[in-house]
Structures are given as structure tokens and as C-alpha cells.
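I have placed the structure first, in the form of C-alpha cells, so that the comments after it can refer back to it.
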Amino acid sequence: MLYFDHNATHPVSAAARSAWLEAVERQIGNPSSPHRVGARADAALTAAREQLAARLGCGAGEIVWTSGATEGNNAVLYHAARSTDGEAWISAIEHPSTIAAVQRYFPQRHRLIPVNGGGVVDLDWLADRLKQARPGIVAIMAANNETGVLQPWREAAALCREKGVPFFSDAAQWVGKRASAGLGECDYMSGCAHKYGGPQGVGFIKCPNRLHPLIVGGPQEDGRRAGTENVAGVLAAVAALEERETALIATDPAGRLGWRTAFENQLTRELPGTRILGTGADRLWNTVSAVLPELPDCRQRWVVKLDKLGVAVSTGSACATGQEETSHVLTAMGLGPAEASRVLRFSSGWETTEADWQRLIEGLRRAFAEGTDRRRSA
């Protein structure tokens, strides 16, 4: 199977696998236990916390381990709702876990920050509104999971800092693909390991030392998140991040970006009518979101045809379910249901090669040819 759905889950890296196997053999204790075995596990957890904090640029005491970004986003917004009577302002393209959390914890007191046609948050809107009102929290993701468009989180954080407004960034898609340095300057941020080659079920948030716990029932994480920590998962997550951060320095990201650009050029040339989303904005080197030509049968749409050809990609619409649900990200960018139903997301990983991008083109070309032949024979 040719795998181009790394934004959903990146396969576990060699470094993460090795760290996990070593941890489950050597770090068998509960970090909260009072004996030496537990103390060793706690020490390993502390070292990992310090290592991650150094990457982000924050204090080790500001790191809380979670089960992933969905829990992290909920935890941050639950805390914010308990800490303020103000509104939550979030970008219109946030991950569903952020949107759903805001709807639950900030009912009747939240608003969406608009984006432009390229999928970039409108900083002018934010700056203007901050002159008029003081929200309880502002949430803008670092990089969009559907389009790969990078968001101006640094600039937004600076605007919020000037007004004394807490700023939160979901950095799940940023971490492991871009340098993590500076993310610790956000008041709150979240990340998860399986987006960059760590194991599933492990994540983290950067937050203040005081946090209203979303999960209660134990003193773990200094009372900010109850439950026995996943020591092996945490060590694997940090090992994978170190592997990725080293690769960002040792390799030339422009080369991988060149593969993506060449793919986009060939795609629009060979499949007339294709449109690449977010072309006017900076995007992650691994992500392409494209509106593809229409195929005659929605039930046999692009993602299904490609899957049958051994190519795994993602789609921004639930067309095949018979219940068309346009992605809120695409809607915010101005796409209608017809266009949104033909959007595919191609997301590569660190092990993806230039030849893989070419094989993806070949699969798309074949799916397009089969769809065209079917239209002619109908």
C-alpha cells in the first residue's frame, strides 16, 4: 500500500520503536510508587519532560503528559472555561476537538476568527477585535491538518500578549515537521506523538503550573491530570521528536518541498481542472490539498478508486457515506459542497521518497482514466 495519509497517523519511527521496547523492559514501575523501581520510572519521566521542554523553550514544570492532542485541547479549554467569564475566540479552521470543546465548555460565549481564501487566519480581524474586547482565551492552530497551511501563531500570540489575553495553539501538525523552538512561548499549546512517528495514545500540553484538571482521581502530573503516566509511550514520543528535530537540521527541507511542488505541477497539468488549495500561503512540506476533477459516481469517488489501486489518501468530505458533510475548513475557505466533495488530502511522511510521489501521480492518472472511460461508456 502506498501510504499518503501521514497527517492522520505517521507510522512509528525506528527511534520510537527502540525506545518503547527498552522502556517496557527496563521501566516497569509505576512512577507514583514509593519503591526504587517506581523512582526509576519517575526519573525517566522527568528526564523526558526536561528534554521536551528544552525543545519547546519552556519550563519542565509546564509540561503535562496526555493521551493525545484531543485530550490536550479539551483540557486547556476546560481550564479556560473554569478560569474566566470571557469568550473563547478560535479560528474557523480549528481541529474538531477544539471546536467541540469550545461548544461544550463555552456555550453561548464563543466566536470564530475568519480566514482568507488561502486558509490563513485574519490577523487584522483579531487585532481590531482585541481593541474592542478582551476574550478569555484565543485559540489558533499552528498548522492546519487538512490543507497544511501554516498559521501566524507567533504574531497572534504577540497580539494577545499585548492585551493580556491567554493564547493557545494546537501544534499537533507542526511538531515533528517544523522546528519546535518557540512554541513554549504560547501560554498553552498541545501536541501528539503519532503525528510525527511516535506511538498513538501519547501527547502533551504546555500550560501554567496551575490547571483545573479535566481528568480527576489522582495526584499525577502535579494534580493537573490524574492517571498513571504512559512511561514507555512518553519515552518513545520524545525519542521520535529528537529524531525528527535532528533530521530537520541534518537534511534539506527544501528538497522535500521540491518533491511536493513537482507533484502539484504535474497533477494540475495531467488532470485538467485540478486546483491546489492554499497555494498563496506557506504550507507544510508534506501536505497537498487539491480539488480534483469530478468523477461520475460519488460512491466510486477518488478516495475509493485510489484505495482499490493500493493508494491510501484522505478526503475532506463524507461523500461515500451518503450523507454529504462539507468540511468546516473548506467552508471557511469559501468552497461549496460540490467542490468540497472532490477534495483529497495527500500527506507524506519522513520515510516517503521522491519515487513515492511519482507513484502517487501514476495512481491518480490511472483513477482519472478509469473514471473518464466510465463516463464515456455511460
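Every number in this text was worked out from the coordinates using simple rules, so none of it is lab data. Predicted model only: the values in this text are computed from it and were never measured. In this analysis, Cβ positions are derived from the backbone assuming ideal geometry, glycine residues included, and neighbour counts consider all displayed protein chains.
Observations on the model:
- The calculated FRET efficiency for ARG104 paired with THR251, based on their beta-carbon distance and R0 = 51 Å, is about 0.80.
- J(HN,Hα) series, the stretch 168-179, from Karplus relation 6.51 cos²θ - 1.76 cosθ + 1.60, nearest Hz, glycine and proline x: 10, 10, 7, 9, 4, 8, 7, 4, x, 10, 10, 4
- Phi-derived couplings, Karplus 6.51 cos²θ - 1.76 cosθ + 1.60 at θ = phi - 60°, listed residue by residue for the stretch 16-29: 5, 4, 5, 5, 5, 4, 5, 5, 5, 8, 9, 9, 8, x Hz, with x used for Gly and Pro.
- Net charge, ASP85 excluded, C-beta distance under 14 Å - Lys, Arg +1, Asp, Glu -1: +2
- The residues neighbouring ALA100, those whose beta-carbon lies less than 15 Å from its own, together hold a net charge of -3 under the Lys/Arg +1, Asp/Glu -1 convention.
- Exposed-loop-free span, longest in the chain, where trypsin sites (Lys or Arg not before Pro) count as exposed if DSSP calls them loop and at most 16 other C-beta atoms lie within 10 Å: 211-378
- Nonlocal amide H pairs with HIS110, under 5 Å, H built at 1.01 Å: ALA88
- Candidates GLN151, GLN173, GLN200: whichever shows maximal mean-square fluctuation once the chain is modelled as a Gaussian network with Cα springs under 10 Å: GLN200
- For the chain, fraction of C-alpha pairs farther apart than 39 Å, in %: 20 percent
- For the stretch 97-113, Karplus couplings with θ = phi - 60° (6.51, -1.76, 1.60), whole Hz, Gly/Pro x: 5, 6, 4, 5, 5, 5, 4, 7, 8, 10, x, 6, 9, 9, 8, 9, 8
- Lys, Arg +1 and Asp, Glu -1 on Cβ, resulting dipole of the chain about Cα centre, debye, nearest 20: 340 debye
- Compared with the dominant Cα axis of the chain, that is its longest principal axis, helix 354-377 is turned about 50°.
- Candidates ALA332, ALA54, ALA239, ranked by Gaussian network fluctuation over the chain, Cα under 10 Å, top entry: ALA54
- Of VAL216, VAL165, VAL202, the residue with the greatest mean-square motion in the GNM of the chain, using alpha carbon springs below 10 Å, is VAL216.
- Inter-probe distance in nm under a simple model that places probes 7 Å from Cα toward Cβ, at ARG111 and ARG154: 2.8 nm
- Furthest towards positive pole of dipole, GLN51, ALA92, THR66, structure part the chain, Cβ charges: ALA92
- Cα-based helix-to-principal-axis angle, 231-250 vs the chain, degrees rounded to 10: 60 degrees
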